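J.: The following block contains the structure, expressed as structure tokens.
The values are calculated or read from the model by the stated rules, or taken from the named source; none is laboratory data. Model, not experiment: these values are computed from the prediction. All Cβ positions, even for glycine, are placed from backbone atoms using ideal geometry, and neighbour counts span all protein chains on display. Ligands, DNA and RNA are excluded from the accessible area calculation, which covers all protein heavy atoms including side chains. Shrake-Rupley method; radii C 1.70, N 1.55, O 1.52, S 1.80 Å.
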Amino acid sequence: MKKITRILAATAAAAAALAAAQAMAADLKIGFISSLSGPVAALGVPYEKGIRAAIAERPEIAGRKVQLIVLDDASDPTTAGRNARKLVTEDKVDVLIGTSGVPGAMAIASVARELNTPLISPTPVTIPGPEGAWTVTVSQPFQLMVAGVVERMKASGVKTVAFIGFSDALGDLAYDSLVKSADAAGIKVVANERYARSDSSVAGQVLKIVAARPDAVFAGNSGTPGALPYIALAERGYKGRIYGTHGLINADFVRVGGASIEGLQVPSGPVLVADQLPDSNPIKKVSMGFRNAYQKLNGAVPTDAFSSYTYDAYLLLADAASRTKGEPGTPAYRTALRDAIVSTKELVGTHGVYTFKPDDRYGSDQRGVVIVQMTKGQWKLVPQ
């Protein structure tokens, strides 16, 4: 009888240990939303490639298998929000990552706040106060990036600049950042022209800009539609300096822009010119590691700056999850994961060194900004 009792006790202990092991091995679920079709797909497709490279390199976090659920928002903010709600309520994801445009990212952030689920955005999105409490972004803040461009303008003797950008939240963000930095640098903004991402011509807007005779033109746009203003400026013989945002660094933009974007200067994360960084820069090692992981999975080196944003988002998640206690799939775990994310300090990524604070959605500082110039179809580092 005692022997049977010992066997039963041992069996119960084994079962308990197995149950504990299974609990510890519960999957960590990522709900990933990107614009895999539509006008913002030039950004969205690289985003997906970047996170898949990260997971291929590190398929487990803190002993848990990572499960990636990918949804296409078709470049539509309403769809982005709907996707986020489905991922949280039906798929029970522990974290959201996405999407490819500011309007869509803001829609996801609203759902993240409502459903108490952390969001890591690869797109710059500013949501002040409690509404943004569940959101951080690995993209550099527009103000930081645009300030770097304006610094180059001032050094080049620019006194007047015209703005042309998207007629949406990204365009507003870029314009506001330009005005703030330009005023501080003594540069006058002489035009504010807008166009929709789906427009096929900006001839009218560019005619107004050329008539204002600015020393430079700054475009607040992204992706393939971002080439329109530069093409129109070249067609009208504009000879001034041209600048843009970090949203333009992708192969499709370079292909479509062609000769019209020669000499274009934009801000970028260090990853784009990692091989030109000194060995003492800690970002170089991480960036080169990203390139290797991306090439191993995709058979070619990355030619954009977007895939590395989602790679950084995964690095941030991995670091935070390794410090998070609890069971994935539960509200308590999502809260603990959010708290770990916003307390991240000095995490080296491909686009910078990240330090977050509970009331700060951005983790980047000046270490995450370089200026690059389009030279014969290649982005080259502009010396400071």
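J.: Is there any pair linking a residue in the stretch 272-286 that is without any contact (Cβ under 8 Å) to a residue 40 or more places away in the chain to one that is among the polar types (S, T, N, Q), with Cβ under 8 Å and at least six apart or on different chains, and which?
T.: Matching pairs, first to second residue: Leu277/Ser287.
J.: Right, something else. Output the residue which, of all residues in the stretch 313-359 that are of a type in the set (Ser, Thr, Tyr) and open to solvent by 10 Å² or more (accessible area, probe 1.4 Å), is nearest to Val93 (Cα to Cα).
T.: Only one residue fits best here, namely Thr330.
J.: What tally of residues in the stretch 138-167 results from selecting those that are open to solvent by 30 Å² or more (accessible area, probe 1.4 Å) and either touching a Leu at 6+ places or on another chain (Cβ under 8 Å) or within 21 Å of Ile231 (Cα to Cα) (or both)?
T.: Within the stretch 138-167, residues that are open to solvent by 30 Å² or more (accessible area, probe 1.4 Å) and either touching a Leu at 6+ places or on another chain (Cβ under 8 Å) or within 21 Å of Ile231 (Cα to Cα) (or both) number 2.
J.: What number of residues in the stretch 129-165 are farther than 30 Å from Leu316 by Cα and among the hydrophobic types (A, V, I, L, M, F, W, C)?
T.: The total comes to 7.
J.: While we're looking at this one, here's another question. Mind telling me which of the residues Pro270, Pro225 ends up being touching a strand residue (DSSP E or B) at 6+ places or on another chain (Cβ under 8 Å), open to solvent by 10 Å² or more (accessible area, probe 1.4 Å) and not aromatic (Phe, Trp, Tyr)?
T.: None of the others qualify; the one that does is Pro225.
J.: Ok, one more. Check off (1) surrounded by fewer than 23 Cβ atoms within 10 Å (Cβ to Cβ); (2) more than 26 Å from Thr310 (Cβ to Cβ); (3) in contact (Cβ under 8 Å) with a residue 60 or more places away in the chain for Phe218 and give me the number that stays unchecked.
T.: Failed condition: (1).
J.: In the stretch 131-173, what count of residues is obtained for those that are in a helix (DSSP H, G or I) and within 16 Å of Ala105 (Cα to Cα)?
T.: Of the residues in that region, 8 qualify.
J.: Please go through the stretch 187-215 and give me each residue that is of a type in the set (Gly, Ala, Ser) and open to solvent by less than 60 Å² (accessible area, probe 1.4 Å), ordered by number.
T.: Of everything in the stretch 187-215, those that are of a type in the set (Gly, Ala, Ser) and open to solvent by less than 60 Å² (accessible area, probe 1.4 Å) turn out to be Ala191, Ala196, Ala203, Gly204, Ala212.
J.: Six or more apart or on different chains, Cβ atoms under 7 Å: show the pairs whose first residue is in the stretch 28-49 and in contact (Cβ under 8 Å) with a residue 12 or more places away in the chain and more than 12 Å from Val70 (Cβ to Cβ) and whose second is among the charged types (D, E, K, R) and assigned to a strand (DSSP E or B).
T.: From residues that are in contact (Cβ under 8 Å) with a residue 12 or more places away in the chain and more than 12 Å from Val70 (Cβ to Cβ), the pairs are Leu28/Arg64; Ser37/Asp72.
J.: If Lys325 passes every condition in (1) among the basic types (Lys, Arg); (2) assigned to a helix (DSSP H, G or I); (3) more than 20 Å from the chain's Cα centre (by Cα) but one, which one does it miss?
T.: (2)
J.: At least 3 residues that are open to solvent by 20 Å² or more (accessible area, probe 1.4 Å), farther than 21 Å from Glu327 by Cβ and modelled with pLDDT of 95 or more in each: list the strands (runs of 3 or more DSSP E) lying fully within the stretch 24-109 that qualify.
T.: Output list reads 64-72.
J.: What are the residues in the stretch 85-104 that are under 19 Å from Gly50 (Cβ atoms) and within 17 Å of the chain's Cα centre (by Cα), if any?
T.: Val95, Leu96, Ile97, Gly98, Thr99, Ser100, Gly101, Val102, Gly104
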